[in-house]
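The values are calculated or read from the model by the stated rules, or taken from the named source; none is laboratory data. Remember, it's a predicted structure, so these values are computed and weren't measured experimentally. Here the Cβ positions follow ideal geometry from the backbone for every residue, glycine too, while neighbour counts run over all protein chains shown. Note: areas computed on protein heavy atoms with side chains; ligands, DNA, RNA excluded. Shrake-Rupley method; radii C 1.70, N 1.55, O 1.52, S 1.80 Å.
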Amino acid sequence: MSKTGEFKRDTTYLDGRITADGGDGWPVEPGRYRLVVARGCPWANRAMITRRLLGLEDALSMGICGPTHDWRSWTFDLDPGEKDPVLGIHWLREAYEKAVPGYERGVTVPAIVDVPSGQVVTSDFRLIPRDLEFEWAAYHRDGAPDLYPAALIDEIEAVSGPTYRDVNNGVYRCGFAASQQAYDEAYAALFAQLDRLEDRLASRRYLVGDTITEADVRLWPTLVRFDAVYHGHFKCKWNRAALTCADVHLRLPYGILREL
């Protein structure tokens, strides 16, 4: 939290890289790693969506935490015996502490765990989907979409940068603001960006190009929970999804609703 009451997201994550050449010490190996998520977390949803779209289910298993957590950790309370059947742990914190003994920062999802050692390799929600796209390419399903096409990279980033700042993180800046000034600034930025996205989607089905890209994956989890969560609980009240952009974007044929 800043001195003016603005919510500041801690973006210091465990940042190991699982790569095709193993250059960071973690080579891509089907069956070796486990993606840990929670359905209620939009940051984890993006990794879930990417895994599903690319067809990586057989190469990268997935553990699902329960819907709530406290300061200690996410937990695997949905599984028999309240332990993940692959990792054999109840608290996700256990995998963080195997990576960093005495780990004191926040325990977040998504996280990718190395099953043999039981330790978290990475918890960087920004890089996990990107690495699934590029580093795991040898294991993509036939016909998997190119979520980050080279010809559209600059446009994807031009759209997604403000979307992250003012929408994905903006709803939290509204909900967790500790001063009226901080709330007012976050609120104004949120709805200004939603207006820009609405204008963009008025004449197109996808945010960038004519097929689904990473820009859509980044935006969609925020829109899908806007009315249910952010409108009331996070005080993002203009009108209920003052976003016809949501009306357009939520009809996209992603085929991943079962995953969420």
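Each distinct pair of alpha carbons in region 53-126 adds a 1/r term; the inverse of their mean, the Kirkwood radius, is 12.8 Å. From helices alone, the chain scores -9500 deg cm²/dmol at 222 nm; the rule is -39500 (n - 2.57) for each run of n ≥ 4 DSSP H residues, then divide by the residue total.
Checking the a/c ratio against 1.5 first, then a/b against b/c, what shape does the Cα gyration tensor give for region 87-208? Oblate, since a/c reaches 1.5 and b/c is not below a/b.
Out of the total accessible area of the chain (probe 1.4 Å, heavy atoms of protein only), what percent is carbon and sulfur? Provide the component values of the computation, followed by the final result.
Details: 6160 of 12110 Å².
Roughly 51 percent of what the probe reaches on the chain is carbon or sulfur.
Straight-line cross-link partners of K8 among the lysines, defined as a Cα under 23 Å from its Cα and at least 8 positions apart when in the same chain: K235, K237. Entry comment: accessible area of the chain is 47 Å² per residue, from protein heavy atoms only and a probe of 1.4 Å. Taking the charge dipole of the chain about its Cα centre, with +1 at Lys and Arg Cβ atoms and -1 at Asp and Glu Cβ atoms, the residue from A189, H90, I153 reaching farthest to the positive side is A189.
In square nanometres, what is the average projected area of the Cα convex hull of region 1-143? Don't skip to the answer; put the middle values down first.
Values: hull surface 37.7 nm².
Averaged projected hull area, Cα only: 9.4 nm².
Put a dot 7 Å past the Cα of K8, heading toward its Cβ, do the same for D210, and the two dots end up 4.6 nm apart.
Only alpha carbons enter this Debye calculation for region 150-246, each as an equal point scatterer, and the log10 of I(q)/I(0) it gives at q = 0.12, 0.18 Å⁻¹ is -0.36, -0.78.
How much length is gained on full extension from V115 to K235, taking 0.36 nm per residue of separation minus their Cα-Cα distance? Before the final figure, lay out each step's value.
Working: separation 120, 0.36 × 120 = 43.20 nm, distance 4.01 nm.
This chain segment gains 39.2 nm when fully extended.
Do you know the relative contact order of region 1-146, to the nearest whole percent, from alpha carbon pairs under 8 angstrom that are 6+ apart? Relative contact order here is 29 percent. If the Kirkwood radius is taken over C-alpha pairs of the chain, then at 25 °C and 0.890 mPa s the Stokes-Einstein diffusion coefficient equals 128 µm²/s.
Ordering G143, G106, Y13 by the projection of their Cα atoms onto the charge dipole of the chain, which places +1 on the Cβ of Lys and Arg and -1 on the Cβ of Asp and Glu, puts G106 at the extreme positive end. Given their separation in residues at 0.36 nm each and the Cα-Cα distance between them, R126 and H90 gain 10.4 nm when the chain is fully extended.
Each 10 Å bin from zero holds the following percent of Cα-Cα pairs in region 137-190: 23, 29, 24, 17, 7, 0.
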